[in-house]
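K.L.:
I have a structure I would like to understand better, so I am pasting it below and will then ask my questions one at a time.
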Amino acid sequence: MIQRLCIQNYALIDNLDLVLEDELNILTGETGAGKSIIMGALNLILGQRAESKYFFNQQKKCIIEGHFIIGNYHLQDFFLQNDLDYEQHTCIRREITIDGKSRAFINDTPVTLAVLKELGEQLIDIHSQHATQQINNRNFQLSILDIIAEQQPLVNTYQQTYQHFKDLCQQRQEAQEELSKATTEQDFIQFQLTELQEAQLTPDEQTTLEEEQKRLSHAEQIKVNLLNIENLFSETENSILSQLKTALSLLHHTSRYSTASTPIATRLESCLIELKDIQTEVESLQNNTHINEERLAHINDRLSLIYQLQQKHRLQSIEELLALQQQLSNQQNQHEHLAAKIRQLDISIEKTTQQLYELATTISKNRERAIPIIESDLRNLFVAVNMPDAVLKIENNTAALTKETLNINGIDHINFLFSANKGQQALPIHKVASGGELSRLMLAIKYIIAKQTALPTIIFDEIDTGISGEAAVKVGNVIAEMSHFMQVIAITHLPQIASKGHAHYYVYKETANEQTISNIAKLNPQQRITEIATMLSGHNPNEYALQHATELLNKA
């Protein structure tokens with residue numbers, strides 16, 4: 001429950017410190033006094049977005065703090081999951097700077113607004129006068145059944161499974177679209193890949209073949225040239241070797257008379273040896289040079305294939321062709337991978353569908369069992385809120401179990417039908433319920449929900465719309481009864497409801513330093529009599545109004 005609310009620099013509030021009781025807290029005050037401002041501040045610490053224009057003083061930041069007692073509400077897991085310090089007396093703080101930037105804290109640890117909102121939803125249920133329209137919302141109607149059936153964890157499991165099912169279906173659709181596109185190109189990809197694979201290309205093959213082609217194309221000329229070189233080296237009378245031998249003999253003869261010629265003779269001997277080696281290699285090369293038209297034709301064909309593939313794919317080398325071959329192979333593998341992925345997704349979808357069928361069936365049966373309980377409880381509560389002839393009928397049109405009929409809420413199509421008067425046909429609520437009837441119907445529903453969920457705090461923000469007299473008294477009784485098992489805060493204009501409070505707070509405006517300020521005060525017993533009398537008859541209540549106010553408080 002909320003124990004204390006501190007507001008600084010928000011709208012018409014300069015500094016406000018509100019300490020609340022753990023049962024029924026009543027807030028009254030004239031229209032525009034600041035009751036809605038207090039609710040707005042409370043909403044800020046529950047995760048609502050803020051605007052700097054709501055500041056009392058535009059030169060200062062706004063700070064709102066809520067102090068909550070949460071020891072009985074099993075919130076340890078929430079604090080653990082969000083890495084927060086758990087304390088039975090928890091402080092939620094919101095700070096908004098003059099430039100509109102906002103920071104939120106739980107027990108002095110910074111948190112996001114999403115975390116703040118998630119915690120707030122587990123601490124306070126705010127029922128405003130506009131919230132009565134919720135009753136026409138099918139999701140809200142289903143949530144009522146699920147709360148009474150005590151199956152919210154089961155519904156959460158179903159909804160998570162359903163979201164997983166939708167994700168699987170989306171993945172399958174995307175994979176199928178990719179596969180369809182790949183299938184369209186598959187024949188062409190396969191043709192190109194087969195062509196490259198059959199070519200059996202190897203790295204550096206082109207360079208080697210081009211060199212061999214050049215050699216074979218000029219083999220005859222090479223052989224003739226080598227033969228001519230051999231003839232020049234041969235040991236005929238005028239050959240190179242023969243003349244060098246003669247020169248060497250002359251040098252040896254000269255060295256007998258001149259030692260200076262000896263080194264020259266030595267060098268010439270080395271040249272002669274080197275030339276004989278060259279002669280041997282030329283002879284070997286000439287003998288191994290053959291004219292092979294068949295091999296040349298094979299090389300020409302092979303190079304022609306390589307050139308054609310390069311031209312076809314607009315590539316410059318075998319390395320690029322091999323890279324293309326790998327790419328095409330990967331594309332083919334991707335096609336096979338997509339087909340396998342779709343098969344696996346189909347299996348997962350079928351398995352998840354069966355899980356959904358089982359969960360949806362169980363949820364639907366639980367909802368069916370909850371319907372008569374809700375209808376019975378509401379009949380009793382309608383009497384308590386002065387609608388003795390009112391009836392709420394809950395229709396459940398359960399769809400057949402198919403993938404198409406499954407939705408985020410299961411297979412149930414709920415419709416709430418209402419009749420406020422005896423003999424009147426029950427019709428959809430929005431067609432037949434007046435404002436006052438709608439307020440009391442929503443109060444009755446909140447009553448049975450609150451007992452089941454055991455929320456720490458519920459706030460009724462002018463739930464008394466459209467009711468008065470004896471109906472207001474009975475509505476006040478129901479609200480007071482709710483405060484026996486949870487904290488209730490009621491903002492009201494009705495004295496019948498205000499008199500039921502365990503604590504009564506008066507919201508008012510005052511002028512200080514030529515500036516209007518909203519403030520709040522907890523009323524003592526005598527002040528409560530005066531305030532309720534004022535609510536009955538206006539300002540300066542007469543003796544009769546004061547006596548009537550006293551009677552209301554005594555009855556309460």
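Since every read-out is calculated from the coordinates, none of them should be taken as a lab result. This one's a predicted model, so the numbers in the text were calculated from it and none came from an experiment. We place every Cβ from the backbone using ideal geometry, glycine too, and count neighbours over all the protein chains shown.
K.L.:
Please compute the length gained on full extension between TYR73 and LEU296, using 0.36 nm multiplied by the number of residues separating them and subtracting their Cα-Cα distance. Intermediate results must be reported in sequence, preceding the final value.
P.N.:
Values: separation 223, 0.36 × 223 = 80.28 nm, distance 9.21 nm.
Full extension of this stretch gives 71.1 nm more.
K.L.:
Report, please, the projected area of the chain averaged over directions, based on the convex hull of its C-alpha atoms, in nm². Spell out each step's value before the answer.
P.N.:
Values: hull surface 211.6 nm².
Seen from a random direction, the Cα hull of the chain projects 52.9 nm² on average.
K.L.:
Using +1 at the Cβ of each Lys and Arg and -1 at the Cβ of each Asp and Glu in the chain, identify which of SER304, ALA426, LEU523 lies farthest towards the dipole's positive end.
P.N.:
LEU523
K.L.:
Restricting things to Cα coordinates, could you compute the convex hull volume per residue of segment 392-522 in Å³?
P.N.:
Numbers: hull volume 24.2 nm³, N = 131.
Roughly 185 Å³ of hull volume per residue.
K.L.:
While we're looking at this one, here's another question. Any idea what the relative contact order of the chain is, in percent, if you count C-alpha pairs under 8 Å spaced at least 6 apart? Show your work: numbers first, answer last.
P.N.:
Numbers: 798 pairs, mean separation 120.8, N = 556.
Dividing the mean separation by the residue count of the chain yields 22 percent.
K.L.:
Name the lysines eligible as straight-distance cross-link partners of LYS35: C-alpha to C-alpha under 28 Å, and not fewer than 8 places from it in the same chain.
P.N.:
Within the straight-line cut-off, LYS35 pairs with LYS53, LYS60, LYS61, LYS101, LYS117, LYS446, LYS451, LYS474, LYS500, LYS509, LYS522, LYS555.
K.L.:
Here's another thing I want to ask about it. With r as the distance between the Cβ atoms of THR97 and PHE191 and R0 = 41 Å, compute the FRET efficiency 1/(1 + (r/R0)^6) and round to 0.05. Walk me through the intermediate numbers first.
P.N.:
Values: r = 67 Å, r/R0 = 1.63.
Approximately 0.05, to the nearest 0.05.
K.L.:
Where Rh is the Kirkwood radius over the Cα pairs of segment 181-335, the temperature 25 °C and the viscosity 0.890 mPa s, what D in µm²/s does Stokes-Einstein return?
P.N.:
Working: Rh = 20.7 Å.
The diffusion coefficient I find is 119 µm²/s.
K.L.:
I'd like to compare 2-8, 485-491, 516-522: which one has the highest average count of other Cβ atoms within 10 Å, and what's the full order after that? Intermediate results must be reported in sequence, preceding the final value.
P.N.:
Details: 2-8: 20.1, 485-491: 22.9, 516-522: 16.9.
Ranking the peptides 2-8, 485-491, 516-522 by packing returns 485-491, 2-8, 516-522.
K.L.:
According to a simple spin-label model (label point 7 Å from Cα along Cα-to-Cβ), what is the distance in nm between ASN407 and GLU121?
P.N.:
For the pair GLU121/ASN407, the computed spacing is 2.0 nm.
K.L.:
Please work out the FRET efficiency for the pair LEU324 and ASP277, using the Cβ-Cβ distance as r and a Förster radius of 56 Å; give the result to the nearest 0.05. Please report the intermediate quantities before stating the final value.
P.N.:
Details: r = 48 Å, r/R0 = 0.85.
Efficiency for this residue pair is about 0.70.
K.L.:
Once you order the gyration tensor axes a ≥ b ≥ c over the Cα atoms, which shape class does segment 1-53 get: rounded for a/c under 1.5, otherwise prolate or oblate by comparing a/b with b/c?
P.N.:
Verdict is oblate for segment 1-53.
K.L.:
Label-point separation (nm) for GLU375 and GLU174, each offset 7 Å from Cα along Cα-to-Cβ?
P.N.:
About 4.6 nm, to one decimal.
K.L.:
While we're on this one: So which lysines can LYS181 reach, going by Cα to Cα under 19 Å and dropping same-chain residues fewer than 8 places off?
P.N.:
Counting by Cα, and skipping residues close in sequence, LYS181 has these lysines nearby: LYS341.
K.L.:
Tell me which residues come under 5 Å, amide H to amide H, from GLN3 once H is placed; ignore anything under 5 positions away on its chain.
P.N.:
HN-HN under 5 Å from GLN3: HIS67, PHE68, ILE69.
K.L.:
May I pose another question? Could you pull out which residues in segment 297-323 have an amide N less than 19 Å from a spot 7 Å beyond the Cα of SER217, following the Cα-Cβ vector?
P.N.:
In segment 297-323, the label zone of SER217 (backbone N under 19 Å from the point 7 Å along Cα→Cβ) covers 297-311, 317-318.
K.L.:
Using the 10 angstrom Cβ neighbour count as an exposure proxy, how do LEU251, LEU285, LEU145 rank, fewest first?
P.N.:
Numbers: LEU251 19, LEU285 14, LEU145 24.
If I rank by nearby Cβ atoms, fewest first, I get LEU285, LEU251, LEU145.
K.L.:
Nothing charged except the Cβ atoms of Lys and Arg (+1) and of Asp and Glu (-1): what's the magnitude of the dipole of the chain about its Cα centre? Round to the nearest 20 debye.
P.N.:
Details: 46 positive and 69 negative charges, 429 e Å.
The dipole of the chain has a size of about 2060 debye.
K.L.:
Among ALA370, VAL391, ALA339, whose Cα sits farthest toward the positive end of the charge dipole of segment 339-448 (+1 at Cβ of Lys/Arg, -1 at Cβ of Asp/Glu, about the Cα centre)?
P.N.:
ALA339
K.L.:
Return the tail of the calculated pair distribution for segment 90-191, meaning the percent of Cα-Cα pairs more than 23 Å apart. Don't skip to the end; give the middle numbers.
P.N.:
Working: 3198 of 5151 pairs.
Taking all Cα-Cα pairs of segment 90-191, the fraction more than 23 Å apart is 62 percent.
K.L.:
Further question: Expected output is a single nm value to one decimal: the length gained when fully extending between ASN238 and ASP108, i.e. 0.36 nm times separation in residues minus the C-alpha distance. What is it?
P.N.:
Details: separation 130, 0.36 × 130 = 46.80 nm, distance 11.11 nm.
Length gained between ASN238 and ASP108: 35.7 nm.
K.L.:
Another question, if that's okay. At a threshold of 8 angstrom on Cα-Cα distance, excluding pairs fewer than six apart, so keeping six or more, what relative contact order does segment 181-335 reach in percent? Show your work: numbers first, answer last.
P.N.:
Numbers: 102 pairs, mean separation 63.1, N = 155.
It comes to 41 percent, rounded to a whole number.
K.L.:
Order the peptides 529-541, 297-309 from the highest to the lowest mean number of other Cβ atoms within 10 Å of their residues.
P.N.:
With the highest mean Cβ count within 10 Å placed first, the list reads 529-541, 297-309.
K.L.:
Follow-up question, since we're still on this one. What's the Cα-based Rg to Rh of segment 239-328, Rh via Kirkwood?
P.N.:
Numbers: Rg = 27.3 Å, Rh = 18.4 Å.
In segment 239-328, Rg relative to Rh is 1.49.
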